[in-house]
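Enquirer: Before I ask anything, here is the structure I am working with.
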Amino acid sequence: MSIHILSLFPEMFTGVFNSSILKKAQEKNEVAINVVNFRDHSGNKHHQVDDYPYGGGAGMVLKPEPIFNAVEALPPSQGTSRRIILLCPQGERFTQKKAEELAREEELVFICGHYEGYDERIREHLVTDEISIGDFVLTGGELAAMTVVDSVVRLLPNVLGNAESHEKDSFSTGLLEHPHYTRPVEFRGFKVPDVLISGNHAAIDKWRKEQSLKRTYMRRPDLLEQIKLTSDEERLLKEIKR
């Protein structure tokens, strides 16, 4: 996968993209990440990328020229479709399902905004997607881009050591993930549930399914309205509600 990020502050990405899983993914050549300062494509001697909004109002608006120019200056796509993603509070709410969709692409471009917003022509004539990471406003799109890139890259083949690591993540199955425990068996009087050290894999699987359903019902009941439960899951959920 090739990922291009258009930002006014490319230095913000250095620590994140050169650490942990994202660093390893690049070393394995599973992803190539290119961060571009779109101020370099402003086309004017003052490198201005924003201007006052027509009609008046508070704040400044990002001009279309620098962003269009920066996208057009990217290396040509190698016969693949290019998803151009605007990070924006008005965009589609980012979900695990969206991350899985983007992970199937070969080239992604992220545009990180600042100031009051974007010239509307960027939305209408350049981007393919608008994404929001939540119902709140950040000072810029960089943190949102980091979040989306991390979520997508970890889904690529060979990035995580074990493919099941993401296949059973919260939201991947439609439910929140079950609790996890590790050594020691007892810590400060708090013990690991007996079933997990019983060696009975059928009982462990049943316990994990019950806990996943219970955690989802208690914390995110809205998720249960979006998935089709099996008959066994329906029965377990009735028991949990009782």
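Enquirer: For the chain, what's the relative contact order in percent, using C-alpha pairs closer than 8 Å and at least 6 residues apart? Could you put the intermediate results ahead of the total?
Expert: Details: 335 pairs, mean separation 44.5, N = 242.
About 18 percent, as a whole number.
Enquirer: What's the carbon and sulfur percent of the chain's accessible surface, probe 1.4 angstrom, rounded to a whole number? Walk me through the intermediate numbers first.
Expert: Numbers: 7110 of 14540 Å².
Of all accessible area on the chain, carbon and sulfur atoms account for 49 percent.
Enquirer: Also: Accessible area per residue, 1.4 Å probe, Å², for the chain: what's the number?
Expert: Working: 14540 Å² over 242 residues.
I get 60 Å² per residue for the chain.
Enquirer: Read phi for every residue in segment 207-224 and hand back ³J(HN,Hα) as whole Hz from Karplus 6.51 cos²θ - 1.76 cosθ + 1.60, θ = phi - 60°, with x for Gly and Pro.
Expert: 4, 5, 5, 4, 5, 4, 5, 5, 5, 5, 4, 6, 9, 9, x, 4, 5, 5
Enquirer: Beyond a 27 Å Cα-Cα separation, which of these cross-linked pairs lie in this structure: LYS24/LYS98; LYS24/LYS97; LYS98/LYS241; LYS24/LYS209; LYS97/LYS206; LYS23/LYS191? Intermediate values should be presented prior to the final figure.
Expert: Working: LYS24/LYS98 23 Å; LYS24/LYS97 24 Å; LYS98/LYS241 30 Å; LYS24/LYS209 32 Å; LYS97/LYS206 25 Å; LYS23/LYS191 36 Å.
Over 27 Å apart, Cα to Cα: LYS98/LYS241; LYS24/LYS209; LYS23/LYS191.
Enquirer: Let me ask something else about it. Would you grab the residues whose amide H sits under 5 Å from the one on LEU126? Only those 5+ places off in sequence or on another chain, please, with H modelled 1.01 Å from N.
Expert: Sorted by chain and number, the residues that satisfy this come to none at all.
Enquirer: Using amide H atoms built 1.01 Å from N in the peptide plane, name the residues 5+ places from LEU176, or on other chains, whose amide H lies under 5 Å from its own.
Expert: Under 5 Å from the amide H of LEU176: PHE171, THR216.
Enquirer: Let me ask something else. Mind listing the long-range amide H neighbours of SER132? Cut-off is under 5 Å, sequence gap 5 or more, other chains count too, H placed in the peptide plane at 1.01 Å from N.
Expert: Counting only residues 5 or more places away or on other chains, the set is CYS88, GLY91, GLU92, ARG93, PHE94.
Enquirer: Which aspartates and glutamates, if any, have their Cα less than 14 Å from the Cα of LYS63, not counting same-chain residues under 8 positions apart?
Expert: Qualifying aspartates and glutamates at Cα under 14 Å: ASP40, ASP50, ASP51, GLU116, ASP119, GLU120, GLU124.
The values are calculated or read from the model by the stated rules, or taken from the named source; none is laboratory data. Keep in mind that this is a model prediction, so the values were computed, not measured. These accessible areas exclude ligands, DNA and RNA; they are computed on the full protein's heavy atoms, side chains included. Shrake-Rupley method; radii C 1.70, N 1.55, O 1.52, S 1.80 Å.
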